[in-house]
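The values are calculated or read from the model by the stated rules, or taken from the named source; none is laboratory data. In this text, all values refer to a predicted model and were calculated from it rather than measured experimentally. With ideal geometry, Cβ positions are generated from the backbone for all residues, glycine too; neighbour counts draw on all protein chains shown.
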């Protein structure tokens, strides 16, 4: 299994702030970033293999939790992405497990 690449890793390689990476990689906010910078961020992300999207969700057993999860899954499917689930019920001091 490969190591996880973070926005901070991409920012370090592209020599930009992590917030710039976030805006450059998000199609809805990419226009806020200078084109040359956005291309540099995209190259750094590709070079590092950054392709995972993080989503922190609350309990899924509530009406709003279920709707949020469904919306997130639908958006990922429309973008042609898959999902890796990480459980959040690990006891203190233990790492969550990948499902």
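Could we say that residue 61 is modelled with pLDDT of 85 or more and either exposed (fewer than 13 other Cβ atoms within 10 Å of the Cβ) or on the phi > 0 side of the Ramachandran plot (or both) here? So that I can check it myself, show each step before the final result.
On the way: modelled with pLDDT of 85 or more: no; either exposed (fewer than 13 other Cβ atoms within 10 Å of the Cβ) or on the phi > 0 side of the Ramachandran plot (or both): yes.
So residue 61 does not fit the description; no.
For residue 21, state whether it is at pLDDT below 80 and surrounded by 11 or more Cβ atoms within 10 Å (Cβ to Cβ). Full working, then the answer.
Details: at pLDDT below 80: no; surrounded by 11 or more Cβ atoms within 10 Å (Cβ to Cβ): yes.
When the stated conditions are applied, residue 21 does not pass them.
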